[in-house]
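Working notes for the structure below.
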Amino acid sequence: MSPPPVEAAAPRVVLAPPRPWAEREWVRLVARLVRRRTAVFGLLVVVTVVLAALLAPVISPFDPLAQDISQRLKEPGWQDAQGRVHPLGTDHLGRDILARIIYGSRIALLVGLAAVLISGILGMAIGLVAGYFGGRVDDALMRLADVQLAFPFILLAIAVIGVLGTSLRNIIIVIGVSSWVVYARVVRGEVLSIREREFVHAAIALGSRDGRVLVRHVLPNAFTPWLVVATLDMARVIVIESALSFLGLGVQPPTPTWGGMLADGRVYLSTAWWLATFPGLAILVTVLGINLFGDGLRDTLDPRLKV
Amino acid sequence: MKAYLLRRLLQSILVLFGVSFVVFLILHLTGDPALLLLPPDATAEDLARFRQAMGFNDPWIVQYFRFLKGAVRGDFGESLRHGEPAMHLVLERLPATFELAGAGLAIAVALAIPAGIVSAVRRNTAVDYVSTVVALLGQAMPTFWLGIMLILVFSVRLGWLPSSGRGGLIHLILPAITLGLFTTARITRLTRSGMLEVLGQDYIRTARAKGVGEPPVVWKHGLRNASIPIVTIVGIEMGTLLGGSVITETIFAWPGVGRLSVQAIFNRDYPVVQAAVFLLASTFVIVNFLVDVVYTYLDPRIRFR
């Protein structure tokens, strides 16, 4: 082994030349992320689902709500009288299953995005305060987290939605408000080490108030793990939303939801297997895509993070 | 160690108080519990009389302490539908839920820990890839879909296993697999990464260098040191299993607490809902306290803290 190179003493003042494009931090991170094939595959799946949701009216072969009892429970690949093919078959009301899956992605992504934003912001705020101030505040907030975690999530969600009534708004609020714990714990852990760093001490010494220190100096440094948690949590929220819809406590029919389609299909399991199979595959593929992308993001940005 | 356990015990009791408060709140979410508890066709006089009789006109703090007094004695009022004490109904169903959750956990631990260890030891071989792909799919698969697909294949098509109800071992197979797969996937991935981390440590190299054979290196030096996060996740997964039982029991018509609470929510039978939520949440808190007790045996460093 050769001896380590002796480091040249750094000159006192350096006017740094603009960094070449390829050396910038985020460019290198993206380059590293792209080298992970599973993460790229995950991202492609996610992009496909997002495009399907956005372009649903354009790409959907049929109206997802159009019923035709004469064409009910037709198997995948069935061709109707006008020669139009139903690639994934039709359901018990003669509605095209592919069209309903495409439109169903809208509810899944909308609830996923909105609930993750609510719980992410809530958890970020709680984590920042708990980690930065420590002591009694920290103790109180972490006990609150224990209380939240003690409840079987789905049971609490259905109890609350059962009382408040089912609506898109209620579902988003209930999932959003009760999912903050992961974010708070991860952010708190980061803040515990960030608050001991020199730039934070410097900011305090210069007279910055707590609020400013938290938002300008601590938050940006705790953002990366937060982003990883948010990505992975999106997958969990999508499963929760479809579970609620499956139990009949989600967005109500006739709006197509993946969970609701599965619940319909369960009744026809012995005669028409495709009703329950395809919506479940849609959930599986979406969640798998998000998980793979999130895993890659974690391994690239913050490999020590345990989520 | 005593101080540590005592502190954890006090924390757990504090959390149980928090749990009771949230359960109390469920009934007061809409502002008027009388409207929730009485049938929709109740007259204004009925409502007023009911509020007075149940004490819903008292300050909320008084109501909460009254609720708490009942809760510690297991008294959540009578089921509106069955006319029995709500707690009695829930306790009756509890063994079925424990049976299912226990079977799910047994499957998960029995499959996941060996799979995770083999994956880590035979890293980047076919065994590792297969177990990783299965774990990824298991984590992405919604419980209710897995249950339905298992029923489709093994009950509807092959006719080998019953699709609903509780009975002998044969009734337990499909629900237990359904409930346990997600947990299996999670523990597999955690065991693999934990073992990989530990097997890269200096003391493992030292053990190998002084001539310790591969099996004791993996099982004694490796697994023991990787066991703390595994025990933690097993404790947390108890919560996942108790919560997952809500869906699994609904699919397989399993007569447990999960199915009872879903039915109670649809029947607007709130005393039963409160009793069930309270009991499941308390179980989780108690299990996690016990997990902490186990820690102190696994990791002497905690004992001397």
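We did not get these values from a lab; they are worked out from the coordinates using the rules stated. Computed from a predicted structure; not experimentally measured. Reconstructed Cβ throughout: ideal geometry from the backbone, glycine too, with neighbour counts over all protein chains shown.
With the Cα gyration tensor of region B:151-305 giving a ≥ b ≥ c as the square roots of its eigenvalues, does the rule (a/c under 1.5 for rounded; else a/b larger than b/c for prolate; else oblate) give rounded, prolate or oblate? It is oblate, given that a/c is not under 1.5 and a/b is not larger than b/c. Taking N as the residue count of chain A, its C-alpha radius of gyration divided by 2.2 N^0.38 Å amounts to 1.26.
Close amide H contacts of A:Trp78 (hydrogens built in the peptide plane, cut-off under 5 Å, sequence separation of 5 or more or a different chain): A:His86, A:Gly89. What longest region of chain B stays clear of chymotrypsin sites (Phe, Trp or Tyr not before Pro) that DSSP places outside H, G, I, E and B and that have at most 15 other Cβ atoms within 10 Å? By the stated rule (loop sites, at most 15 other Cβ atoms within 10 Å), B:1-159. Out of B:Ala34, B:Ala120, B:Ala42, any idea which swings most in a Gaussian network model of chain B, alpha carbons joined below 10 Å? Result for chain B, Cα springs under 10 Å: B:Ala42 fluctuates most. Considering only A:Ala202, A:Ala140, A:Ala272, the Gaussian network model of chain A with Cα springs below 10 Å gives its largest mean-square fluctuation to A:Ala202. Counted by neighbouring Cβ atoms within 10 Å, the residues B:Val212, B:Val72 run from fewest to most as B:Val72, B:Val212.
Once backbone amide H atoms are built at 1.01 Å from N, B:Glu78 has B:Ala86 as its partners under 5 Å, excluding neighbours fewer than 5 places away on the same chain. What number, rounded to the nearest 500 deg cm²/dmol, is the helix-based mean residue ellipticity at 222 nm of the protein assembly as shown, given -39500 (n - 2.57) per DSSP H run of at least four residues and division by all its residues? Calculated from helices alone, the mean residue ellipticity at 222 nm is -23000 deg cm²/dmol.
Once the Cα-Cα distance is subtracted from the 0.36 nm per residue extended length, the B:Leu298 to B:Arg73 segment shows a gain of 77.5 nm. Largest mean-square fluctuation among B:Ala253, B:Ala115, B:Ala275, in a Gaussian network model of chain B whose springs join Cα atoms under 10 Å apart, belongs to B:Ala253. Listed by Cβ neighbour count within 10 Å, with the fewest neighbours leading, B:Lys69, B:Lys210 appear as B:Lys210, B:Lys69. With a ≥ b ≥ c the root eigenvalues of the C-alpha gyration tensor of region A:125-196, is it rounded (a/c under 1.5), prolate (a/b larger than b/c) or oblate? Cα axes put region A:125-196 in the prolate bin. For region A:258-294, applying the loop criterion from DSSP together with a ceiling of 16 other beta carbons within 10 Å to the chymotrypsin sites (Phe, Trp or Tyr not before Pro) yields A:Tyr268. Please say if region B:1-110 is rounded, prolate or oblate, where rounded means a/c under 1.5 for a ≥ b ≥ c the square roots of the C-alpha gyration tensor eigenvalues, and otherwise the choice is prolate for a/b larger than b/c and oblate otherwise? In terms of gyration-tensor shape, oblate. Using the Cβ-Cβ distance between A:Arg84 and B:Arg122 with R0 set to 45 Å, the FRET efficiency works out to roughly 0.30.
Simple spin-label estimate for A:Leu29 and B:Thr30 gives 4.7 nm between the two label positions (7 Å along the Cα-to-Cβ direction from each Cα).
Per-residue Cβ neighbour counts within 10 Å put A:Asp68, A:Asp264 in the sequence A:Asp68, A:Asp264, beginning with the fewest.
In a reduced charge model with +1 at each Lys and Arg Cβ and -1 at each Asp and Glu Cβ, the protein assembly as shown shows a dipole moment near 1900 debye about its Cα centre. Its Cα gyration tensor gives chain B an equivalent ellipsoid, and the semi-axes of that ellipsoid, as √(5λ) in whole Å with the largest first, are 44, 27, 13. Counted residue by residue at 0.36 nm each, then reduced by the alpha carbon distance between them, the extension gain from A:Arg169 to A:Ser208 reaches 10.2 nm. Only Lys, Arg, Asp and Glu carry charge here, each on its Cβ (+1 for the first two, -1 for the last two); on that basis chain A has a dipole of about 620 debye about its Cα centre.
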